[in-house]
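This is the structure I want to talk about, given as structure tokens.
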Amino acid sequence: MPDLSRCRSQFPSLGRVVGGHPVAYLDGPGGTQVPASVIAAVDGYYQTSNANAHGFFAASVETDAVVTGARAAMAALLGAPGPATISFGQNMTTLAFSLAHALARGIGPGDEVVVTDLDHDANVTPWRVLAERGAVLRHVPVHPDATLDMEALRALVGGRTRLVAVGYASNAVGTVNDLASIRAWTREVGALLVVDAVHWVPHGVVDVTTLDPDFLLCSAYKFFGPHVGVLYARPGALDALPTDRLRPQRAAAPERVETGTLNHAALAGVTAAVEFIAGLAPAAPPDAGLRERLVAAMTAVYHGERRLLERLWHGLGELPRVRRYGPEVGALARAPTVSFTVDGVHPDEVAARLAAAGISVWSGDFYAVTIVERLGLAASGGLVRAGMAPYTTEEEVDRLLAAVAALPAPVAR
């Protein structure tokens with residue numbers, strides 16, 4: 001497990017006190033806190049190198065290096081073959097829509113697109129653009145434990161399937177999907193695989209070389225960085241797409257899908273965030289490369305967060321008025337995200353009362369609208385959601401459990 005005492009000292013926000021309570025940031029599924037090194041990288045860019053790209057003067061040359069460095073850093077984090085596979089955008093959703101608009105130009109009536117009832121809407125609604133060209137959207141249902149119905153998914157992938165869009169992990173309930181099987185099924189029929197990895201990249205090792213998706217998306221603000229969307233494209237996959245772009249824009253990957261000027265200062269922060277993650281690795285050999293350190297770090301992060309996940313999951317299970325959602329915490333991989341409801345108390349009220357105690361959590365559907373509907377919770381306000389990060393402590397988990405246990409019972413009428 002990462003050295004939490006060392007890790008926590010790098011986050012200025014963790015010293016905040018609100019209403020007399022030290023803030024416990026258990027809101028990581030909606031975006032993590034940012035270490036001082038990332039803040040310094042963004043600030044440093046503006047202080048010395050703020051310029052547009054592709055010029056001959058110093059600040060512009062430095063900006064080019066910032067962009068190249070961010071691509072290389074993300075390639076290392078995702079296990080990609082090189083920086084040319086990494087594109088950036090405003091956010092994951094914007095990049096998904098850009099992909100959808102490009103792919104729609106090759107779609108015809110009767111083509112099929114498979115999406116799931118488990119996903120964040122950013123991996124569902126963009127693909128409806130393809131339906132405007134005549135494609136048929138097929139929806140993969142979920143089991144009562146909020147896991148995908150893999151038999152149904154297998155049956156939906158057929159000769160007319162052009163694309164399968166699936167999440168790596170659920171941002172609402174923590175389910176981790178069997179992407180290896182899904183990749184094999186898409187290969188059988190020649191369909192593209194698009195993976196929303198926003199909720200997994202912060203919590204586990206990603207290896208796109210082994211998984212081999214056609215496209216994988218994530219967001220840097222979920223792993224200690226600024227608000228930047230990241231797109232991995234399998235070598236050659238992006239070059240064939242008729243993307244929306246200006247005439248002077250470079251036609252090859254990775255720039256082919258990047259519209260307008262990138263947020264260069266934020267990209268400096270992306271590199272710093274990846275370097276921060278690498279610094280969480282247990283004692284690594286002196287000659288260890290960035291990818292090796294990142295794999296060691298993310299392995300340690302997964303196991304450290306897993307221990308806290310088990311503590312919260314089982315602790316909530318002992319509270320009589322609490323119902324937990326998502327797969328059981330067992331042998332299978334799972335994101336360290338716990339969603340629950342409290343009998344007789346609206347999720348917004350739960351979140352507000354926890355906030356008054358200095359505990360940051362989320363309430364609602366978290367844009368995972370379909371799974372919340374399938375769980376029968378849309379009309380009652382959705383879920384309360386808490387998540388682990390490397391800076392989370394056992395004491396913070398216990399504070400959450402105590403605060404939930406202390407919630408007043410509803411008044412009988």
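The values are calculated or read from the model by the stated rules, or taken from the named source; none is laboratory data. Not measured: the values here are computed from a predicted model. We place every Cβ from the backbone using ideal geometry, glycine too, and count neighbours over all the protein chains shown. Side chains are part of the model used for accessible areas, which takes the heavy atoms of the whole protein and leaves out ligands, DNA and RNA. Shrake-Rupley method; radii C 1.70, N 1.55, O 1.52, S 1.80 Å.
Work out which GluC sites (Glu not before Pro) in the chain are exposed loop sites (DSSP not H, G, I, E or B, at most 12 other Cβ within 10 Å) and give the longest gap free of them. Let's see the in-between values first.
Details: sites that count: 132, 318, 328.
Longest site-free region, per DSSP loop and neighbour criteria: 133-317.
Using the Kirkwood radius built from alpha carbon pairs, what does the Stokes-Einstein equation give as D for the chain at 20 °C and 1.002 mPa s, in µm² per second? It would help to have the intermediate numbers written out before the result.
Details: Rh = 22.2 Å.
Reported coefficient: 97 µm²/s.
For the range 16-63, restrict the atom set to alpha-carbon positions and state the Rg and Dmax in Å.
So, for the range 16-63, Rg and Dmax equal 17.3, 53 Å respectively.
Cα atoms only, the range 1-106: Rg and Dmax in Å?
Rg, Dmax (Cα atoms, Å): 18.5, 58.
Measure off 7 Å from each Cα along the Cα-to-Cβ vector at residue 287 and residue 189, then give the distance between these two points in nanometres to one decimal.
It is 4.8 nm.
Give me the mean projected area, in nm² to one decimal, of the convex hull enclosing the Cα positions of the range 134-231. Kindly include the intermediate steps, with their values, before the conclusion.
Numbers: hull surface 28.0 nm².
One quarter of the hull surface, i.e. the mean projection, equals 7.0 nm².
List the trypsin sites (Lys or Arg not before Pro) within the range 1-98 that fall in a DSSP loop (any state other than H, G, I, E or B) and whose Cβ has at most 16 other Cβ atoms within 10 Å.
Those satisfying the criteria are 16.
Another question about this same structure. Could you tell me how far the Cα centroid of the range 185-239 sits from the Cα centroid of the range 295-319, in Å?
24
Counting only protein heavy atoms and a 1.4 Å probe, tell me what percentage of the range 300-356's accessible area is made up of carbon and sulfur. Don't skip to the answer; put the middle values down first.
Working: 1330 of 2570 Å².
Carbon plus sulfur share of accessible area: 52 percent.
When the C-alpha atoms of the range 324-413 are aligned to their principal axes, what extent does each axis show, in angstrom, from largest down?
So the extents along the principal axes, rounded to whole Å, are 43, 31, 22.
Convex hull over the Cα atoms of the range 121-182, averaged projected area in nm²? Present the calculation step by step, with values, prior to reporting the outcome.
Details: hull surface 18.0 nm².
With the hull built on Cα positions only, its mean projection is 4.5 nm².
If amide hydrogens are placed 1.01 Å from N in the peptide plane, which non-local residues have theirs closer than 5 Å to the one on residue 164?
For residue 164, whose amide H was placed from the backbone, the distant partners under 5 Å are 114, 192, 193, 194.
Kyte-Doolittle mean at least 0.0 and Cα extent at least 27 Å along the axis: which DSSP H helices of the chain qualify? It would help to have the intermediate numbers written out before the result.
Working: long enough: 58-78 (30 Å, 1.07); 290-317 (39 Å, -0.18).
Flagged H segments are 58-78.
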